[in-house]
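Taken together, the values in this text are just the output of simple stated rules run on the coordinates, not laboratory data. These numbers come from a predicted model, not from an experiment. Cβ placement follows ideal geometry from the backbone for every residue including glycine, while neighbour counts extend to all protein chains displayed.
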Amino acid sequence: MSQNIVFSNDIDNTLDNLLATKQFSRLAVVVDTNTAQAVLPLLECQALKQASVIAIGPGDINKNLDTLVDVWKKLEAMGATRKSLVVNLGGGVVTDLGGFAAATYKRGIPFVNCPTTLLSAVDAAVGGKTGINFNGLKNEIGCFVEATDVIITTRFFTTLPAVELKSGFAEMLKHSMLSSHDDFETLLDFDLAHVDYERLLQLLKTSVLVKERIVREDPHEQGLRRALNLGHTVGHALESMALHKGKPVPHGYAVAWGLVAEAVLSHMTMHFPSTDLHRLAHYVKAHYGAFYITCDDYDTLLELMHHDKKSQNGEINCSLLASCGNVKVNNTIDDADMKAALDIYRDLMGI
């Protein structure tokens, strides 16, 4: 399936023109309560004014089976059929859960994603991963089904807190490292303190198309798509440890710190250039701070990495870089090398 991705800050006309090309019996728009208040009223899209609004609770805590059942019930109550259409307007929780609800209702109805956060625009809304959390595990239940269309705009990002923008930018930084040294340098030069949203839209296009190319070659994560896990083995472990300590951190921040640690591993095992490693570490420290760990945390972090979903036989599995644009997937890292990398991470981040 070829996913149509549109980049536009003229969101009203873009949505109206897109929906005018669709034939559907009923139209539903899935939002969370925050999007319903902050974004939906800003839209002048005529087609959406006729849609049934399905609002869910905000945040990852509501990305669960109960919410999914509620969306199914509301689709049924509005008379949705297999010829209906769903528009998911929101962040990653909305596109993940709304996409899964559409993909499973009546054995599947088409859906359009319109992400309203930078993180969802660059990550969750594109690529066909849908799902919910289950039994305390993230994204445990789901399926690979792409939205027919994704409309990406930076129009709504002006209302986002700086933390949210930085969280999404970390995923863009990851894509740049997977793409080329020029893309990496371009993102390091982008002024996150004074955001040019038109410029950001162009950078988003470059970033999303990197992911789209990888997903097109490996839609079900059997090989190359695992490159998108760069920074996530260490990042997920840091994120999980913070959550267990009752001090959760934004996903993108954890990815940024994970990128530094895995760039260290890349330097140790594949001679990733030290100049790029130091530039990355300096940028992350300046914009994301440092996640404080000591050697006493290593065993906990390693245990989390051994249980990461990328692990097939209990090993630590990472995607690493020989250089920007030259990625190697499915690298097994032994505990001693990971501890050494964490030591160097702490030195680079001034811990």
For Ser176, Ser8, ascending order of other Cβ atoms within 10 Å (fewest first) is Ser8, Ser176
Among Val69, Leu15, Thr81, the residue whose Cα sits farthest towards the positive end of the charge dipole of the range 4-159, when +1 is placed on the Cβ of each Lys and Arg and -1 on the Cβ of each Asp and Glu, is Thr81
Taking the alpha-carbon centre of each part, the distance from the range 279-321 to the range 148-208 in Å is 23 Å
With a 20 Å threshold on alpha-carbon distance, the violating pairs from Lys74/Lys106; Lys205/Lys310; Lys63/Lys285; Lys211/Lys328 are Lys205/Lys310; Lys63/Lys285
Going fewest to most other Cβ atoms within 10 Å around each Cβ, Glu171, Glu239, Glu198 line up as Glu198, Glu239, Glu171
Calculated from DSSP helices alone, with each H run of at least 4 adding -39500 (n - 2.57) and the total divided by the residues of the chain, [θ]222 nm to the nearest 500 comes to -14500 deg cm²/dmol
Under a Gaussian network model of the chain whose springs join Cα atoms within less than 10 Å, the largest fluctuation of Val126, Val208, Val163 belongs to Val163
Here FRET efficiency (C-beta to C-beta, Thr269 to Arg82, R₀ 41 Å, nearest 0.05) is 0.25
The computed P(r) of the chain puts the percent of Cα pairs beyond 37 Å at 17 percent
One computes Rg over Rh for the range 64-210 from alpha-carbon atoms, with the Kirkwood Rh, and obtains 1.02
Classified through the alpha carbon gyration tensor (a ≥ b ≥ c as square roots of its eigenvalues; rounded if a/c is under 1.5, else prolate when a/b is larger than b/c, else oblate), the range 157-277 comes out rounded
Listed with the fewest Cβ neighbours within 10 Å leading, Tyr283, Tyr292 appear as Tyr292, Tyr283
Checking rank on 185-197, 252-264, with mean other Cβ inside 10 Å and highest first, the result is 252-264, 185-197
Residue ranges of DSSP H helices in the chain that stretch 15 Å or more (Cα, own long axis) and have mean Kyte-Doolittle hydropathy of at least 1.0 are 92-104
With +1 on the Cβ of every Lys and Arg and -1 on the Cβ of every Asp and Glu, the dipole magnitude of the range 4-159 about its Cα centre, in debye rounded to the nearest 20, is 500 debye
